[in-house]
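Following: one structure in C-alpha cells, then a few remarks.
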C-alpha cells in the first residue's frame, strides 16, 4: 500500500532563480499595473503612499535584496537535502498553469495529467524572446539543458479520476502537454512542476502526478474549500492505491505576491502548523488574487497532508521586496516528514 512519507510546501517564482539585480527588471511592470492588496485593488502610487510607514524602500534596497536572496538559496538547499534524505519513490504535485498550456478558449478548474510520460526542455530562442523582463532570466530553473522525458503515474491518475467521478468531481484529463505553435511563449512542463523537478529533486526525478489548478484566471478559479477537499480526495485515493511506494506530496506556488502581505502569510503558516483546515477553507477569495492565488495549491496539499501523521517545520520565510510599494514575492518553505 502507498505511504505518504514527505510533505513540502514551497514557492517557485522567478525571484528564487534570478539575482538581486535582476529582480529590478520587473519594476517597470510593477509601476504600470494595478495590484491587489488585502482584498482591494490599488495603483502603484497608492500603495507607496499607503505603506510609507513600513520603510519598504530600505527593505527593497540592494543590500536587503542581496541578504534575502542568500536566505532563499539556503532554504532551497535545505529543502533539496531533506528531499534527498527521505528519498520518496513517487510524488503528487498540486500546481498551476500561467497560460503555459491552458488557454482562455478552454480553461478547466482542475486538470489531472494521466499520460505515461511528459517532457520538458530548452525554450527555442524565438519563444524566449517573447518572455517579459525578469522572467526569461529564471528559465534555467524551470528547464533542463536538453529535452527530457519524465515518468507520469497513469494508474494513480486513472484511480483519482474514477474516484472523483464517483464522488462528484468532473476533472479535465490530459494525456500529453499541448504543443502550442510559435510564437506562444512556452513549450513543455509548466514551471510550477518544472521547478520541483529542477531545484528540489535536482534533476533526479521520480514519477510524478501533476494536478493543475486554475488559480489565476477568472471566471472559474476554485474556492479554497474546494481545493482543500481536493487534497482530502487525493489522500483517500492514495490510501486505496495498491502500489507499495513511498509518496511525497507538494504544494507548489505562492506566497503573497505581486504585493507582499506578511500578515496573511503568517496566518497561513499558523494554520498549517495547527492543522487548521477550517481556517484554510474559509479564506476570502479576494485575499488570494494575482500570484497569491497560487496558495490554493498549498491549501490542496494541506487537505491531503493534514490526514497524515507527518509533522515538521517552517524552513524559512523571506519577504523579497523589490519596491517601496511592497511589490515582490514572499518566499516560504515548509517540510513535514
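Each reported figure results from applying straightforward, stated rules to the coordinates on display, with no laboratory input. Since we're looking at a predicted model, the values are computed, not measured. Quick reminder, even Gly has a Cβ in these numbers, built from the backbone with ideal geometry, and neighbours come from all protein chains shown.
Residues in the stretch 173-196 that are assigned to a loop (DSSP other than H, G, I, E, B) and closer than 14 Å to residue 144 by Cβ: 187, 188, 189.
Per-residue answers, yes or no, for (1) free of Cβ contacts under 8 Å to residues at least 12 places away in the same chain; (2) assigned to a loop (DSSP other than H, G, I, E, B); (3) more than 19 Å from the chain's Cα centre (by Cα); (4) closer than 25 Å to residue 23 by Cβ:
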residue: 127; (1), (2), (3), (4): no, no, yes, yes
residue: 132; (1), (2), (3), (4): no, yes, yes, yes
residue: 137; (1), (2), (3), (4): no, no, no, yes
residue: 161; (1), (2), (3), (4): no, no, yes, no
residue: 198; (1), (2), (3), (4): no, no, no, yes
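Inside the stretch 74-102, residues that are within 17 Å of the chain's Cα centre (by Cα) and either under 15 Å from residue 18 (Cβ atoms) or free of Cβ contacts under 8 Å to residues at least 40 places away in the same chain (or both) make up a count of 1.
Checking each residue in the stretch 98-125 for being out of contact with any helix residue (DSSP H, G or I) (no Cβ under 8 Å at 6 or more places or on another chain), in a strand (DSSP E or B) and within 24 Å of residue 229 (Cβ to Cβ) picks out only 111. Please determine whether any residue of the stretch 10-27 is within 30 Å of residue 162 (Cβ to Cβ) and touching a strand residue (DSSP E or B) at 6+ places or on another chain (Cβ under 7 Å). The answer is yes; a qualifying residue exists.
Each residue in the stretch 37-73 was checked for being surrounded by fewer than 18 Cβ atoms within 10 Å (Cβ to Cβ), under 22 Å from the mean Cα position of the chain (by Cα) and in contact (Cβ under 8 Å) with a residue 60 or more places away in the chain, and 3 pass.
Filtered by the rule that a residue be closer than 14 Å to residue 221 by Cβ and surrounded by 15 or more Cβ atoms within 10 Å (Cβ to Cβ), the stretch 100-113 gives 102, 107, 108, 109, 110, 111. Quick one: would you say residue 234 is more than 24 Å from residue 285 (Cβ to Cβ), surrounded by 21 or more Cβ atoms within 10 Å (Cβ to Cβ) and in contact (Cβ under 8 Å) with a residue 12 or more places away in the chain? No.
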